[in-house]
1. Of the residues Val168, Val137, which single one is surrounded by 14 or more Cβ atoms within 10 Å (Cβ to Cβ), closer than 18 Å to Cys120 by Cα and in contact with a helix residue (DSSP H, G or I) (Cβ under 9 Å, 6 or more places away or on another chain)?
2. Give the residue, chosen from Ile189, Ile185, that is within 26 Å of the chain's Cα centre (by Cα) and not small (Gly, Ala, Ser).
3. State which residue pairs qualify: first residue at pLDDT below 95 and inside region 137-149, second residue assigned to a helix (DSSP H, G or I) in any location, beta carbons under 7 Å apart, and separation of 6 or more residues or different chains.
4. Within region 58-106, which residues are of a type in the set (Lys, Arg) and closer than 25 Å to His127 by Cα?
5. In region 153-197, how many residues are of a type in the set (Gly, Ala, Ser) and within 17 Å of Leu117 (Cβ to Cβ)?
6. Return the residues of region 135-184 that are of a type in the set (S, T, N, Q) and assigned to a loop (DSSP other than H, G, I, E, B); say none if nothing qualifies.
7. Does region 120-130 include one or more residues that are in contact with a helix residue (DSSP H, G or I) (Cβ under 9 Å, 6 or more places away or on another chain) and under 17 Å from Leu66 (Cβ atoms)?
8. Of the residues Asp89, Asp116, Asp161, which is in contact (Cβ under 8 Å) with a residue 24 or more places away in the chain, surrounded by 16 or more Cβ atoms within 10 Å (Cβ to Cβ) and acidic (Asp, Glu)?
Amino acid sequence: MTTQKSRINTIFAVAVLLLAATAAVSMYLNQNLPVITEGAGPAPAENAQLPEGHPPIDAANKIASLEQMSQADPQNADIKTQVGNAHYDAGQYQKAAEAYEQSLKQRPENPGVETDLATCYHYLGQHDKAIEILDKVLQYSPGFAQALFNKGIVLQAGKKDPQGAIAVWENLLRSNPSFPQRAEIEQKINQLKSEVK
């Protein structure tokens, strides 16, 4: 039984390595191919525009590689998070949100992933959902700086609630006195207070 299990693990490991190698070779071979654009005509210039919403070629290759790895290891929350991060970096917030949600099914209550998920919903215009997720994060991780920072942004820019943003950011500065963007937040708070008067 143990020998059979060992063989299955070996086969699985070889399959994952082959997928990773295939993805790496594919990325290498595709990095210098021209971009296909609509219509017939001469080959596009090197700086030709990609179709709207299409991530840069390097990002698309990275996403494809990560998605292959995720399919090969569907229970791996870290890979699903990486897929989400790659989509997020490419500005594909709906796909990023889907990947983050899959990651959270494998590993719930991950404040970094949930904060990124909330940010996706903010960018998708679903500000209430973003606030709901951030509030959940702040329930189980009250001083989580990035969630407090992002909640202030969603309140200010998405919900048009400057008073709420001020309160959240003041809480952020109290609970995280050495927050790296402290000066920026203090300036934002002062600006919002002067606008509210």
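The values are calculated or read from the model by the stated rules, or taken from the named source; none is laboratory data. These numbers come from a predicted model, not from an experiment. Because the Cβ atoms are built from the backbone with ideal geometry, glycine has one as well, and the counts that use them run over all protein chains shown.
1. Working: Val168 fails: closer than 18 Å to Cys120 by Cα.
Checking each option against the conditions leaves just Val137.
2. On the way: Ile189 fails: within 26 Å of the chain's Cα centre (by Cα).
Exactly one residue qualifies, and that residue is Ile185.
3. Gly143/Ser175
4. Within region 58-106, Lys80, Lys95, Lys105 meet the criteria.
5. Qualifying residue count, region 153-197: 1.
6. The initial filter retains those residues of region 135-184 that are of a type in the set (S, T, N, Q), namely 139, 141, 146, 150, 156, 163, 171, 175-176, 178, 181.
Correct list: Ser141, Asn176, Ser178, Gln181.
7. yes
8. On the way: Asp89 fails: surrounded by 16 or more Cβ atoms within 10 Å (Cβ to Cβ); Asp161 fails: in contact (Cβ under 8 Å) with a residue 24 or more places away in the chain.
Asp116 is the lone residue from the list that is in contact (Cβ under 8 Å) with a residue 24 or more places away in the chain, surrounded by 16 or more Cβ atoms within 10 Å (Cβ to Cβ) and acidic (Asp, Glu).
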